[in-house]
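Have a look at the structure below before the remarks.
The values are calculated or read from the model by the stated rules, or taken from the named source; none is laboratory data. Not measured: the values here are computed from a predicted model. Cβ atoms come from the backbone with ideal geometry, glycine included; neighbour counts cover every protein chain shown.
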Amino acid sequence: MHINDAVFLEDLCPKFRLRQWRKSIHKFTGKSCIYCGKPSESIDHVLPRSQGGLSITENCVPACLSCNGDKSDENALYWYRKQKFYDPRRAMAIRAWLEGDLRLALRLLQWANPNFKVNSKIYETDKQNYKAA
Ligand SMILES: [Zn+2]
């Protein structure tokens, strides 16, 4: 392999994986904001990166730009409690998500919004990938 190719691949692969990962986060909730249910246009770090929050599924939730921007560096659950659209079921879902229990989180989101469809097929696929990793 040419030395330049190696550099190129090193550069390309993490970006590709990051994009796939971001996509899968949105897929979990059917591209809806975990806080308010509007279309999710961004990934929100529950514990902000400025406070040492990691870019892992347990710390990253799908959020609309409005919620993401408004929350800023505040504690997610504390911020969420003050919102007009606060729903205790969603708060529980966020908590479950942070604990890595995505299945419970999605059930709670479904409870909060009967129109919300859980794509269990995607969930199973991702779980397998997670195990393999
Ligand atoms: Zn939102």
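Pairing each residue of the range 21-48 that is on the phi > 0 side of the Ramachandran plot with any residue that is of a type outside the set (A, V, I, L, M) and within 11 Å of the ligand (Cβ to nearest atom), provided the two are 6+ apart or on different chains, yields C-beta distances under 7 Å for Lys31/Pro39; Lys31/Ser40; Lys31/Pro62.
Counting only helices (runs of 4 or more DSSP H) that fall entirely inside the range 1-110 and contain at least 3 residues that are at pLDDT below 95, away from the ligand (no atom under 14 Å from the Cβ) and of a type outside the set (Ser, Thr, Tyr), the qualifying elements are 3-28.
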